Every structure is written in structure tokens, then in C-alpha cells.
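*Asks:* Mind having a look at this structure? Questions to follow.
The values are calculated or read from the model by the stated rules, or taken from the named source; none is laboratory data. Remember, predicted model here, so these are calculated numbers, not experimental data. When we count neighbours, we look across all protein chains shown, and the Cβ atoms used for this are built from the backbone with ideal geometry, even at glycine.
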């Protein structure tokens, strides 16, 4: 019997494949982790289990037909996906958007931000080991917003609500009251949520100084969204681009200092509070009546198969709840896009997972992954 | 000091625990599904259905194939009816929708020039077998226009008004500018196969 | 009142009296033992079944849900439905598993969980065995489940199970020490290791939890107990978000149910022991003694479930730090306070030990401030 293994001074490393079927890898994501005891020595993210050929599909159908498919990229925030795609096509074809439609769009985008951040915090706590309580509180509040989405767009998650040059339908009767109720109660819910979580010592000690992402690395890896802002970089496309009508609202961009999981968590809470501020201003400013689809947009929606934008290219980007979501379109003048490319924030943000996880414990890797906020529909496309 | 934040969090959960007993309206959010059902909103869309007026034979669909071509996942399959001489009629002989492929986007409803296809509110469609039992044929899809009026009164009123303005009554007539070209009907096998 | 108080004792005496009529004396002794054993063997699983129901119900209510409400009234038959499901499930053994170890682990894990019930005084004169080293027996036997858990994790041949098993061993061995240390004051004051005499020392409302050392001792003991039975926030060995199900990842069907049963029975045993040691056991007015014991134990269980409904999990190094850096020094200093309490005459001891406890709290507070999480500030950019 050889006893070299026993006497060898090398640490015995354990290679564990976490995922693709794992309770908390947020879908079919896989991490190949090499462990020394419980400490991570190496981590390799493996993606692609949910690849659905989104870009190639879109190049083989009309412009509007891709709209429902964009819902399925980041299936938690279908409204912002629609928004980015509609913006790209509008830039491509030079379609203007009527005033009221702009307000409805921003309304939907900010409500989506509330949904996404609330859910993320809930799931982050699940990753931390809380037994579904924060998640279910998050779902409880999300339900109210989804009810509004259902009343407006017809579907709770796969909204397919935006059209080139406006939105599909006006708010339903009583829709404004529903939104006002949501906006009024949301900050109270956030207070409850924070009472449950923010001061909790276990959460703090689990999250603080875990998975630190430095400013330089974040910028170099082209990270966007709340993760970048948690690292202290002031970059919010709503402020940088001032797209749509975001220049009409007063809001601030919360920035973290350390760039750890706790900052990522808390920056999102603060962003939700800012979103509520935007929504309050929006509800005051919003015109009572008005067009919701411009004439050019209506023409595009009438027979999508026949509609041809002029040849050229366009890149439309928005600050989606997860980061910069961009659609790059190249048109050759035919009814189908020549090239269709998505810049998914989740995919680019997940690339630095290893840098954040090295030297941490297994449990931390799960939490860091949770704090990056990925949706596999968007990562794998 | 260690523990106060934890106690604060525990007070929130205790409050919710008590609330669920003393004031279930606010404290409990679940719907007891098979017994209670949530009212769906008027605009709620699930799977498409075909509209007929009066008798199932008198359907609005003219087999123009627009919805089938616009459908993003290509789940609609239409063959127009032919008379004894082999001339194409403005009526589908086969109208299949594969509910297993349909993704409820509602584009067929938006593009239909004859207001013949609408999204239904029906959502309890579970089946034990996913290939043939979810392939809905014309007979399964046809529903009276009154059903549409019942589930979506606002849309019904709006659409009937525009139809009256256009002067269409009963069976839809082709509108100028959008002539159906049934001869172009694709003869390829259904996308569902 | 009198009959309800001692109903179980009376029943046992009646049965024994019946057999005494025609059987020799030595068989009556055996029958007496058998009755106690049967009672415990029935009580354990029934408690476990009720606890699963209770946990799901309470956590459900915390989360704005109903919890189980389909099987039977209030869903009370849910555990039976679960049991039937567990029994009919396929029993999967991984191909590479160590078959014998894998099979034995769930069997062995139940044994200590049942054994510890034998020394718990459920009511006046209702301890199955009045061992003079009952407390020691309890602590020693409850530690045995660590071995079973490690057997299960090792025998499964699964990396997640292995991680879970390593965590379980580290955690249970670490928490054993502050747990024993937090019990020492009780032994110091009562001068006995017998559970029955510990309860008797607290009769008449003189519960140890009402003394300064008892209050903090109860907290330390309860936290250690929660850690000992792997419940939130110390449920690392089976932390489902990290290592799937930890040591019982590869168990299905009835074997899994046995692990589950052991966990819940130990949880109840820890709750009962906390009630016995610090909350006066079965002591209490009006209600029969065994009911008092159950009320107190279920109050402890409720706190455990409440923890589960609220708290996230610790990380392994924080868990170890919590045991060695916080609970252990605290438990040791608590012994000193209990000694002060015992030494000094009656009115003075409350003040002195109270002050001592406060000083210890301040020391611990300052000592742990370096490690404790900080408040953060955030910048709002335009």
C-alpha cells in the first residue's frame, strides 16, 4: 500500500461542480469551484445551458416580432427590455414618441426597477440562508405591481407592452389610482423590509467586506448597474444619456464606498427609494390625456412583416435594473434586421465572478453570485 | 450590541405572524386556488381563439394567413377552404394553433385586419400529453363573439364601433388596402410538426 | 386536578398492579421498563410529526401564508400524508456509496435522539429514569448524533455531503463546550446532576432564568442547543443554499425521514432541557405538571421556528468565532457570577451578581466591537 498521499504536504483540493442543478445558482448556472477546505482557490463560471439563440432568431423575423422575445431575456424585468429594444428601433427608423407614451414608459421602467431590486434582495437573503421570509415579503409587494402590469399590458411577466413610437395601449380605467396606491405604500414596505434586514447583525457580518470589487476592476471589466455604483463609480445611464424624459425628474444616484455585498444590497435599497421619488414626480407631471402611439409608429405596428426601416445602424441603451442594457441593430433596408445584438448586463457583470470570489468561503460565493444579480435568460440568451 | 438588529427583524416577523391571525385580509396574501380564483383583468391575454357570429360556420376569419406569418414562434397553421372547382374560398379549412408553442404575445390579435382572432382569458389548460392534446383545431378554437363581448367589454365596444364605421356587418368583407391573397397560402407542413 | 396531575403515573401503576396479580416480581420490573420505553418511543415520533406541522404552520403564517391546510382540519393530517409519501418513495443509494455506512447512519442518528428523552422529567414523577447523572447522560448521548451524521456524509460519497459532514463535526464539537459550560452554574447552585432534583430546586417559581446568571446562562445554553441540533441560524451542515442538503443530500425516502425525525426530536429535547434547567421544568400553578412542561418546551420550539422564519445563516468561520470568542468566555464568566450568587447571602447576591453580569456584558461588548459590523454611509451623486 502506498502512503504517499497521506504524507504529502500538498493541501488536498476538492473540486466541486456547483450547478447547473443547485438550489441557489439562480437558474441553470454552473460554477466549477476548487476548494481548499471551505476556501475557494479557483472558480470557473460555466454558462450556456439556457441558450435559446435569441439573436439569430431575431435576425430571421420582423422587427416587431422580436419584441415578445425580448420579454424573455431578463424575465423579471420585461418592461425595461422592451424599452431598450424599442429605443434602438426608434433610433434606427427615426420614430418619435408622444409625450404621454414617454411618461408611461418611464412609469413602467421605474416600477420594473422596484420589482427587480425587491426580488433581488429577497433572493439574496435566500442565498444567505433565510428561510424564504424576505423572498415572500418581496413577492407580496411585487404582486401588486404585477397586477397593475396585467391590467395595463395584459400579461404579468411577459408584458410585450412597448411598441415602436409608443406603447401598445393606454393605462386602463383606474390604472392611475392603482399606481398611486403602489407608490404611496411602497416606501412603507421598504421601511419594513429594512427593519427586517438592514440592521440584522448576521446579515451585516455575512455581507460586509465580502466579495469586494474595486473601482478599477469594475471599470476595466465594463461592469454597469448597481454593482458598479456600489463600488463608488458615478455612472447611471439615466443621468449620462438622459434618454427618454429622465431629465425632467429630480433624483440622485446612490454610491457605495467599499464595493462589497452589503454595499450592493444597500445601494439597491437606496435606488428603490430614488425610484419612488421619480414615480411621485412622474405622477404629478403626467398629462391626463394624449396620444400613446405616434403616426409613424402606428404605421410600423400595422403590418410588421412589411415595415422596412431605412438602412443604417443604431444602438439603443437604457439603465435597466441590472445595468446597461443595449440593443445594437444593423438594418439593410429589409423588413428583417441584418444584425441584431444584445448587450446584456447580467452576462458582462458575471464575468468578474472569479475575481470577487477568490479566497472567500463557499457560502460567500453563493452570496456574491446572488449580489451580482444575474438572470440566466439574459446571460445565455 | 450584538443582537438588537436581530431582535428588530424578529419583531417584524412576529408582527406578520400575529397579523395573519387577527387581520387575515392584510396578513395573508395567498389565494386558495382551486376554490377561490383571482379575477383576471380585462386585458389579460392567454391563448388566442377564433370568433364566429351566430353559427360556428359563420366565422370572421378569411384565411388571409397574416397572423400565421406575423406570429413570432410560428404556431398558427392555416389552409383555406376550396370549393368543388378548386377555387380558394375566404374561409379556413384548417386552422390549427399549437398552444404548446404559442407564447401569448398577442401579435396575431393586433395584426388581424378582420378582427377574427382574439386572446382568451382561459388559463386552465393543463393536459397529460403535450403534443396532440395541445394542438387546437378550428373546432376547439371557435367561440361566439358574445364570449368576446363578455370577457373584454371595452375592447368589444371599441372594435364594434370601428367595424360599424367601416361598414362591415356579420361576415367580414375584405377591406380596401389589405386584400387577402389566399393563393399565397403557404403549403409547407405546420411549424408544429 | 389531582387525577389530571398524575394521570400517566396512575395509568402505569394500574397496569403494573394488574400484572402484579399473577406474574413474579422480576417480570413486573421488566414490564415497568417496557412501559416507559414504549411511551418514549411513541412520544418521540409523535412529537416529531407534530413539530413538522407546527413549523410549517408557523413559518407559513410568518410569511403571510396559511401553511398546510389541506389534509385534515388545519392540515393536522399533513405529517401522516408526508409519512406515507416518504414510505412509498424510492430508496436511492449512490453506486459509489459505502453501502453499510450509508445504511447505518440514519438508523444510528435516531438512537441518541430517543435516548435523551429517558432522562427528561416530563412531569412530577414522570422521568423514565431518574439517573443521578442525568444531565451528564443527556449531554453525552446527544453528542453521539455527530458520529451518525458524519457516517452519513462520508458514506454518501458526495462532495456536498462531505462538506456538510465536516461542517457538522466542527460545529457540534465546538458548541458542545459552551453548552456544557453554561450548564455548570445550574449544577453549582443545585449541587446535583439529576434532572429531577434540578427541577425540585426551582419549585415554587424560583426559576433560574429569573436570576442574573440564569438569564444569560439560558440564552447561551439555548443558542448552543440550537446550534447543536443544526437549526437556523446555525444550520450550516445542511445549508440548502450552499451545499444542497449537506449530509443528507444522498438520502431519500424513509432514510431521509429518519434524519428529519432525529433532527426534530433533538430539537424538542433541547427545548425540553432548556425548560427543565432554567425555566423550572414542570413547575407551575394550576395546570398539571406535564402540561406545564409541554407549554414551556413548545414556547422554546416556537422561538426556534421564529428564528428559522427570520434569520439568515452564519458563515462557518463566523459560526466558530461565535462559539469560541463570544459564547465560551461568556459561559465561563457566568460560572463566576453564579458562584458569587451562591456565596453571598440572599438580598445582597442579586445586586452583586447583577452588577457583575453588567460588567461582563460591557467587557464582551467592547471586546467584540472590533469584529462586529459597522454602520455605513452612502454618497448621493447627481
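*Asks:* Tell me whether region C:369-381 contains one or more residues that are within 29 Å of the chain's Cα centre (by Cα) and assigned to a helix (DSSP H, G or I).
*Replies:* No, that holds for no residue.
*Asks:* Right, another one. Within region A:215-256, how many residues turn out to be part of a helix (DSSP H, G or I) and within 14 Å of another protein chain (Cβ to nearest Cβ)?
*Replies:* Residues meeting the conditions: 11.
*Asks:* For region A:55-70, give me each residue that is surrounded by fewer than 24 Cβ atoms within 10 Å (Cβ to Cβ), more than 8 Å from chain B (Cβ to nearest Cβ) and part of a helix (DSSP H, G or I).
*Replies:* A:55, A:56, A:57
*Asks:* Is it the case that region C:338-355 has a residue that's within 14 Å of chain A (Cβ to nearest Cβ), more than 30 Å from residue C:238 (Cα to Cα) and part of a loop (DSSP other than H, G, I, E, B)?
*Replies:* No: region C:338-355 contains no residue that is within 14 Å of chain A (Cβ to nearest Cβ), more than 30 Å from residue C:238 (Cα to Cα) and part of a loop (DSSP other than H, G, I, E, B).
*Asks:* Within region A:264-306, restricting attention to residues that are within 17 Å of residue A:171 (Cα to Cα), touching a residue at least 12 places away in the same chain (Cβ under 8 Å) and assigned to a loop (DSSP other than H, G, I, E, B), which residue is nearest to the other protein chains (Cβ to nearest Cβ)?
*Replies:* Applying the filter and picking the extreme gives A:292.
*Asks:* Then there is this: Only one of (1) crowded, with 17+ Cβ neighbours inside 10 Å; (2) within 19 Å of residue B:56 (Cα to Cα); (3) touching a strand residue (DSSP E or B) at 6+ places or on another chain (Cβ under 7 Å) fails for residue B:114. Which number is that?
*Replies:* All conditions pass for residue B:114, except number (3).
*Asks:* Looking at region C:282-325, which of its residues are assigned to a helix (DSSP H, G or I), more than 28 Å from residue C:364 (Cα to Cα) and touching a strand residue (DSSP E or B) at 6+ places or on another chain (Cβ under 8 Å)?
*Replies:* Hit for region C:282-325 is C:293, nothing else.
*Asks:* May I pose another question? Does any residue of region A:353-374 turn out to be away from every other protein chain (no Cβ under 14 Å), touching a strand residue (DSSP E or B) at 6+ places or on another chain (Cβ under 8 Å), in a helix (DSSP H, G or I) and modelled with pLDDT of 85 or more? I'd like the intermediate steps shown before the answer.
*Replies:* The initial filter retains those residues of region A:353-374 that are away from every other protein chain (no Cβ under 14 Å), namely A:353-356, A:358, A:372-374.
Those left that are additionally touching a strand residue (DSSP E or B) at 6+ places or on another chain (Cβ under 8 Å): A:353-354, A:358.
Adding the requirement that they be in a helix (DSSP H, G or I) leaves A:353-354.
This time we only want the ones that are modelled with pLDDT of 85 or more, so: A:353-354.
Yes: region A:353-374 contains one or more residues that are away from every other protein chain (no Cβ under 14 Å), touching a strand residue (DSSP E or B) at 6+ places or on another chain (Cβ under 8 Å), in a helix (DSSP H, G or I) and modelled with pLDDT of 85 or more.
*Asks:* Quick check, is residue C:169 within 14 Å of chain A (Cβ to nearest Cβ) and assigned to a helix (DSSP H, G or I)? So that I can check it myself, show each step before the final result.
*Replies:* On the way: within 14 Å of chain A (Cβ to nearest Cβ): yes; assigned to a helix (DSSP H, G or I): yes.
The answer is yes for residue C:169.
*Asks:* Another one. Is it true that residue B:125 is outside any strand (DSSP E or B) and without any contact (Cβ under 8 Å) to a residue 60 or more places away in the chain? Quick ask: steps written out before the conclusion?
*Replies:* Details: outside any strand (DSSP E or B): yes; without any contact (Cβ under 8 Å) to a residue 60 or more places away in the chain: no.
In short, no.
*Asks:* Another one. Please state which of the following conditions residue C:208 fails to meet, knowing it meets all the rest: (1) surrounded by 24 or more Cβ atoms within 10 Å (Cβ to Cβ); (2) within 22 Å of residue C:333 (Cα to Cα).
*Replies:* Only one criterion in (1) surrounded by 24 or more Cβ atoms within 10 Å (Cβ to Cβ); (2) within 22 Å of residue C:333 (Cα to Cα) is unmet by residue C:208, namely (1).
*Asks:* If you check A:310, A:344, A:337, which single one turns out to be touching a residue at least 24 places away in the same chain (Cβ under 8 Å), farther than 25 Å from residue A:217 by Cα and crowded, with 21+ Cβ neighbours inside 10 Å? Can you show your working first?
*Replies:* Numbers: A:310 fails: crowded, with 21+ Cβ neighbours inside 10 Å; A:344 fails: farther than 25 Å from residue A:217 by Cα.
Testing whether each residue is touching a residue at least 24 places away in the same chain (Cβ under 8 Å), farther than 25 Å from residue A:217 by Cα and crowded, with 21+ Cβ neighbours inside 10 Å leaves just A:337.
*Asks:* Taking residue C:260, is it assigned to a loop (DSSP other than H, G, I, E, B), modelled with pLDDT of 85 or more and more than 14 Å from chain A (Cβ to nearest Cβ)?
*Replies:* Working: assigned to a loop (DSSP other than H, G, I, E, B): no; modelled with pLDDT of 85 or more: yes; more than 14 Å from chain A (Cβ to nearest Cβ): yes.
No.
*Asks:* Which one of these does residue C:124 not meet: (1) at pLDDT below 85; (2) assigned to a helix (DSSP H, G or I)?
*Replies:* For residue C:124, the exception is condition (2).
*Asks:* In the list C:319, C:311, which residue meets the criterion of being surrounded by fewer than 24 Cβ atoms within 10 Å (Cβ to Cβ) and within 14 Å of another protein chain (Cβ to nearest Cβ)? Quick ask: steps written out before the conclusion?
*Replies:* Working: C:311 fails: surrounded by fewer than 24 Cβ atoms within 10 Å (Cβ to Cβ).
On inspection, the qualifying residue turns out to be C:319.
*Asks:* Which one is nearest to the other protein chains (Cβ to nearest Cβ), of the residues in region C:356-380 that are modelled with pLDDT of 75 or more and surrounded by 15 or more Cβ atoms within 10 Å (Cβ to Cβ)?
*Replies:* C:378
*Asks:* Give region A:151-172 a look and list any residue that's surrounded by fewer than 22 Cβ atoms within 10 Å (Cβ to Cβ) and assigned to a helix (DSSP H, G or I), or say none.
*Replies:* A:151
*Asks:* Might you check whether a residue that is buried (at least 24 other Cβ atoms within 10 Å of the Cβ) and at pLDDT below 85 occurs anywhere in region C:213-226?
*Replies:* yes
*Asks:* Are there any pairs with C-beta distances below 6 angstrom linking a residue in region A:181-201 that is under 13 Å from residue A:266 (Cα atoms) and within 12 Å of chain B (Cβ to nearest Cβ) to a residue that is surrounded by 17 or more Cβ atoms within 10 Å (Cβ to Cβ) and modelled with pLDDT of 90 or more, with the two at least 6 apart or on different chains, and if so which?
*Replies:* Filtered contacts from region A:181-201: no entries.
*Asks:* Is there a residue in region A:311-326 that is within 14 Å of another protein chain (Cβ to nearest Cβ) and under 30 Å from residue B:109 (Cβ atoms)?
*Replies:* Taking every residue of region A:311-326 in turn, none turns out to be within 14 Å of another protein chain (Cβ to nearest Cβ) and under 30 Å from residue B:109 (Cβ atoms).
*Asks:* Determine whether residue C:174 is part of a helix (DSSP H, G or I) and either surrounded by fewer than 23 Cβ atoms within 10 Å (Cβ to Cβ) or within 19 Å of the chain's Cα centre (by Cα) (or both). Outline the logic, then answer.
*Replies:* Working: part of a helix (DSSP H, G or I): yes; either surrounded by fewer than 23 Cβ atoms within 10 Å (Cβ to Cβ) or within 19 Å of the chain's Cα centre (by Cα) (or both): yes.
So residue C:174 fits the description; yes.
*Asks:* Any chance region C:326-335 includes a residue that's part of a helix (DSSP H, G or I), surrounded by 14 or more Cβ atoms within 10 Å (Cβ to Cβ), modelled with pLDDT under 85 and within 14 Å of chain A (Cβ to nearest Cβ)?
*Replies:* yes
*Asks:* List the pairs whose first member sits in region C:35-54 and is under 21 Å from residue C:18 (Cα atoms), whose second member is not in a helix (DSSP H, G or I), and whose Cβ atoms are under 7 Å apart, counting only residues at least 6 apart or on separate chains?
*Replies:* Partner pairs satisfying both residue conditions: C:36/C:128.
*Asks:* Examine region A:257-269 for a residue that is closer than 23 Å to residue A:192 by Cβ, out of contact with any helix residue (DSSP H, G or I) (no Cβ under 9 Å at 6 or more places or on another chain) and at pLDDT 90 or above, and state whether such a residue exists. First the steps, then the outcome.
*Replies:* Filtering region A:257-269 for residues closer than 23 Å to residue A:192 by Cβ gives A:261-269.
Right, trim to out of contact with any helix residue (DSSP H, G or I) (no Cβ under 9 Å at 6 or more places or on another chain) and you get none.
Checking region A:257-269: not a single residue is closer than 23 Å to residue A:192 by Cβ, out of contact with any helix residue (DSSP H, G or I) (no Cβ under 9 Å at 6 or more places or on another chain) and at pLDDT 90 or above.
*Asks:* For region B:22-29, check the following and say yes or no: at least one residue is loosely packed, with under 13 Cβ neighbours inside 10 Å, under 19 Å from the mean Cα position of the chain (by Cα) and not assigned by TED's automatic domain parsing to the domain that holds residue B:112.
*Replies:* No, because not a single residue in region B:22-29 is loosely packed, with under 13 Cβ neighbours inside 10 Å, under 19 Å from the mean Cα position of the chain (by Cα) and not assigned by TED's automatic domain parsing to the domain that holds residue B:112.
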